[in-house]
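Quick note: the coordinates plus some simple rules give every number you see, no bench work behind them. Owing to the predicted nature of the structure, the values given are computational and were not obtained by experimental measurement. Here the Cβ positions follow ideal geometry from the backbone for every residue, glycine too, while neighbour counts run over all protein chains shown.
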Amino acid sequence: MAVKLRLVRMGKPKQPTYRVVAADSRSPRNGRFIEILGTYEPRAEPSVVKIDNEKAKAWLAKGAQPTETVAKLLRISGAVESA
């Protein structure tokens, strides 16, 4: 099973908030996921990123691949060092 760290859209229409989750790469965007790692609120000023760095590091160690956006959020939260 290929695991990806990706965003799941939440919130009302035109007012998105996102969950950062570990999910099977074959499941749909807002479908089944394995674990919630944190949240991202882009509409707040400044935007709010809350990620459990320990869980994120554990999933990365197991071989989970983050999407581009989640990789940026992990760098912001400090779970991954900038390369």
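Here are a few things to note about the model shown:
- Summing Lys and Arg as +1 and Asp and Glu as -1 over all other residues whose Cβ lies under 12 Å from the Cβ of L37 gives a net charge of +3.
- Considering only alpha-carbon pairs that sit under 8 angstrom and 6 or more positions apart, the relative contact order computed for segment 3-77 is 30 percent.
- Neighbour net charge for R26 - beta-carbon separation under 11 angstrom, K R +1, D E -1: +1
- Estimated from helical segments only, the mean residue ellipticity of the chain at 222 nm is -6500 deg cm²/dmol, where each DSSP H run of four or more residues counts as -39500 (n - 2.57).
- The chain: translational diffusion in µm²/s, Stokes-Einstein, Kirkwood Rh over Cα pairs, 10 °C, 1.306 mPa s: 123 µm²/s
- Taking M10, M1 and counting other C-beta atoms within 10 Å, the order from fewest to most: M1, M10
- Count, lysine Cα pairs under 20 Å in segment 3-77, 8 or more residues apart or across chains: 10
- Counted by neighbouring Cβ atoms within 10 Å, the residues R6, R19 run from fewest to most as R19, R6.
- Residue order, fewest to most beta carbons within 10 Å, for S27, S47: S47, S27
- Extension gain for R29 to K50 (0.36 nm times residue separation, less C-alpha to C-alpha distance): 5.6 nm.
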